[in-house]
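Enquirer: My structure is below; once you've seen it, I'll send some questions.
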Amino acid sequence: MSYLLKRQETLTSDDLQAALESGNPREAARVILSAAKEGLADGQALLGQILLDGHGIQKDPALALTWFRIAADNGHVMARNMMGRCLEHGWGCEPDATAAAQAYRMAAEQGLDWGVYNYANLLATGRGIPQDPYKAFLFYRRAAEQGHAKSMNLVGRYYEEGVVVTADVSAAFDWYKRSALGGDFRGQYSYAAVLASQGQLDEAQYWLCEALKGGNLKFLRAARQALVESTHETLRQIGRDYYQRSVELGDETDRAAYEQIRLLHTFV
C-alpha cells in the first residue's frame, strides 16, 4: 500500500517509521519528501539523510545539507549534528571546521551525545577551535556518561595512557568493558586486548570476533598486524580473519597485504 494515499492532511512520525520499515526505499523516500515539505522536522532530517546516502533517491549532498539546516532551524537536534558532519567533511560544501564546531556545540548544548562526542573530537585535534586536550576529555566523559559507547572507549584510552588525567588501569578497563557492552567495535577490541593480557583468551576471542563483525576498513587495517604477530595461536587466527575481511572491504593493497602475511605466518 502507498503511504501517500492515506486520507489525512498531515503525515506523522509514525507514518515515517512505517515507511522506513516497509522495505521499499523509493516508497519511503516519497513519504519522507512529503513529510519534509509539510514541515515535519523528522521528515526534513530524514530527507537530508537519504539525500546524503542516496537511499531511495538520487544522492545530493548539497541538498542534504540544505534540508539538515531547515530541520535544525525547526529544532531537530540530530539534524544540527548532521550539519556539523557535512561542514566538517565537506559533504555538499567546502569543509569548514569552524562552522562545524559551532553546529556540534549547539547540538551538545541541547544534550545530544553525538554532538558532545563530535565537539570533543575537534577539541582534541584543534580543528576549527583551539586545541584543548583536557576539555576534550571532559566532553568525551560527558558523552560517555550519557551512554555513548565510542566516547567510553576514548575515556578508557585517556585513563590507560595517563593523558591529561592520572593513569588508572582499573578505570580504563571498566570504561573499555562498558564500551564493548555498548556495541562499539573499537571498545570491543580495547577490552579484548586487556583480557588477552590477563590470560583470559576465550573471552578475548569472543570480543575480537564481535569487533570484526562491526569494524570498518580503517579499524581493520590498524588492528590486523598486531593480531597476526600475537604469541597466541588463537589470536593469530583471528588476525587472519581481520585480513580476510579487509580484502572484502578494501582494495588491491589489502589483498597484497593478506598474501604477504600468508607467506610470513602459518595458519591452521
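The values are calculated or read from the model by the stated rules, or taken from the named source; none is laboratory data. Quantities reported herein were computed from a predicted structural model and do not represent experimental measurements. Every residue, glycine among them, receives a Cβ derived from its backbone with ideal geometry; neighbour counts consider all protein chains shown.
Enquirer: Select from the range 195-220 the residues that are free of Cβ contacts under 8 Å to residues at least 24 places away in the same chain and either within 11 Å of Ile238 (Cα to Cα) or crowded, with 19+ Cβ neighbours inside 10 Å (or both) and write down the one among them that is nearest to the chain's Cα centre (by Cα).
Expert: Looking at the filtered set, the residue picked out is Tyr206.
Enquirer: Would you confirm whether or not the range 75-83 contains a residue that is assigned to a loop (DSSP other than H, G, I, E, B) and either out of contact with any strand residue (DSSP E or B) (no Cβ under 9 Å at 6 or more places or on another chain) or at positive phi (or both)?
Expert: Yes: the range 75-83 contains one or more residues that are assigned to a loop (DSSP other than H, G, I, E, B) and either out of contact with any strand residue (DSSP E or B) (no Cβ under 9 Å at 6 or more places or on another chain) or at positive phi (or both).
Enquirer: Can you pull out every residue in the range 78-108 that is under 24 Å from Gly39 (Cα atoms), surrounded by fewer than 20 Cβ atoms within 10 Å (Cβ to Cβ) and either in the same structural domain as Leu47 (by TED's automatic domain parsing) or not hydrophobic (A, V, I, L, M, F, W, C) (or both)?
Expert: Within the range 78-108, Arg85, Gly92 qualify.
Enquirer: Can I ask one more? Which one is nearest to Gln188 (Cα to Cα), of the residues in the range 230-258 that are surrounded by 12 or more Cβ atoms within 10 Å (Cβ to Cβ) and either in contact with a Pro (Cβ under 6 Å, 6 or more places away or on another chain) or free of Cβ contacts under 8 Å to residues at least 12 places away in the same chain (or both)?
Expert: The extreme case among them is Val247.
Enquirer: Here's a follow-up. Run down Thr234, Thr253 and say which single residue is assigned to a helix (DSSP H, G or I), over 25 Å from Ser197 (Cα atoms) and not small (Gly, Ala, Ser).
Expert: None of the others qualify; the one that does is Thr253.
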